[in-house]
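Derivation of every value follows stated rules applied to the coordinates shown; laboratory data play no part. Computed from a prediction, not measured in an experiment: that's the story for all the values here. Quick reminder, even Gly has a Cβ in these numbers, built from the backbone with ideal geometry, and neighbours come from all protein chains shown.
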Amino acid sequence: MTQTYKTPNPIEKNISIERQMTPNEWSEAAKTVRQFSSEPAFLEMLQTERISPTDPTTVEYANALSVYAQDYCDVYGQDGTVEQSELEQVRLIANAPYFLHVKKEVSFYEHKRSTQGLNKDEREYYQGFKPYMVWYNQALSDYAYSNPNEKMSDLNKALIEQSLVAFPRETGVVEREIKMATRGGRTEAVARSLIDLTSIDYAPGTIEDDLKGGDFIVMHNGNRVKVDIKSSLSSIAHIRGGYDQIEKQQITYAISKDKRSSDKSQHTVVLFPGFTDSDIGDSLSLNLSQPDIQKRADFVAKQLNLAFAELRV
């Protein structure tokens, strides 16, 4: 990736990445990622790619760290000497800086697309980053789903600490972008845990599904329906034509139709699953009693069935 967006301030060189990671649940994974910077194999990779080993702020360094971490996870995932949850943490931590680099690049081209338009090469270049963005967001969601008893603050701190090594002068931006990403992942994870408590037949969307708006794929009467989970009602209100329509119909979903196709499988159910951050607190799961959680699950099932009826599937 050639960096198109602007770096706001001159970058400090020789930044130490020996930062102290405070969350105990993430300490071993964070230590592993920090140690990558001094491992001969990683330094050889940087030398081969002509990447400075003393400047972890470049997009090239971030990409190399991402690739090296994936190789590490592949090796130790096969021999079973490292727990899966720790490997997932290593993958999330090591990819956080590259995720932010890519997000900046995507934001640059989205702004340009809305103000000036993109030519064919720019559009293809911009679209080329989308699968990675989806992959990282899905990794966050999968981790939250598999580790519901962990703290959101620990997840945020681990990712922010590593990201600040790459963006030392952008603390506010780093914190905002990481927290936005983890919040979205958590919302999908909690929604998924609610659907588990219903008779809804679903599966998490693939990267290709997600690129088309499908966080989940629900099978209903032999039809494959995309479901896009939202953390607020704003998207539903936008599609419905205002919050008054939601209140009038007492619904928390909307149908996003593909205007280019009459095929109902190309339409998407946009769903607010009925919980807010206050229902979760600092957890990765609902901070409610089991009966209340089941009520939320039943509510989600009801909304989905109403959506299927509206779609006539």
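Which aspartates and glutamates have a Cα lying under 16 Å from the Cα of K112, excluding residues fewer than 8 positions away in the same chain?
In chain and number order, the partners are D121, E122, E124.
Quick one: angle between helix 84-115 and the longest Cα principal axis of the chain, in degrees between 0 and 90, rounded to 10, please.
80
For the charge dipole of the chain, defined by +1 on Lys and Arg C-beta atoms and -1 on Asp and Glu C-beta atoms about the Cα centroid, which residue among L92, I255, G128 has the Cα displaced farthest towards the positive pole?
I255
If contacts are Cα pairs under 8 angstrom and at least 6 residues apart, what is the relative contact order of the chain in percent?
16
Could you compute Rg(Cα) / (2.2 N^0.38 Å) for the chain, with N its residue count?
1.08
Would you work out the charge dipole size for the range 20-111 about its Cα centre, treating the Cβ of every Lys and Arg as +1 and the Cβ of every Asp and Glu as -1, and quote it to the nearest 20 debye?
Charge dipole of the range 20-111: 320 debye, to the nearest 20.
Suppose the chain between A301 and Q245 were pulled fully straight at 0.36 nm per residue; how much longer would it get relative to their current alpha carbon spacing?
The A301-Q245 span can extend by a further 18.1 nm.
Say each of R183 and I207 gets a label point 7 Å from the Cα, pointing the same way as Cα to Cβ; how far apart are those two points in nm?
2.7
To the nearest 10 degrees, how steeply does helix 130-146 sit against the main Cα axis of the chain, on a 0 to 90 scale?
The angle comes out at about 80 degrees.
Please work out how much length the chain gains when fully extended from S52 to Q35, using 0.36 nm per residue of separation minus the C-alpha to C-alpha distance, in nm with one decimal.
Difference between extended and current length: 4.5 nm.
What does the highest-first list of 70-80, 193-203, 92-102 look like by mean Cβ count within 10 Å?
Highest to lowest by the protection proxy: 92-102, 193-203, 70-80.
With everything on Cα atoms, drop me the angle between helix 27-36 and the longest principal axis of the chain, reported from 0 to 90° to the nearest 10.
That works out to roughly 50 degrees.
Could you name the aspartates and glutamates in cross-link range of K295, using Cα to Cα under 19 Å and dropping any fewer than eight places away on the same chain?
List returned: E188, D196, D201, D277, D279.
What is the gain in length, in nm to one decimal, between D292 and N221 on full extension, counting 0.36 nm per residue of separation less the C-alpha to C-alpha distance?
Computed gain between D292 and N221 is 22.7 nm.
Take the Cβ-Cβ distance between K120 and V173 as r, set R0 to 45 Å, and report the resulting FRET efficiency rounded to the nearest 0.05.
Once the sixth-power term is evaluated, E becomes 0.90.
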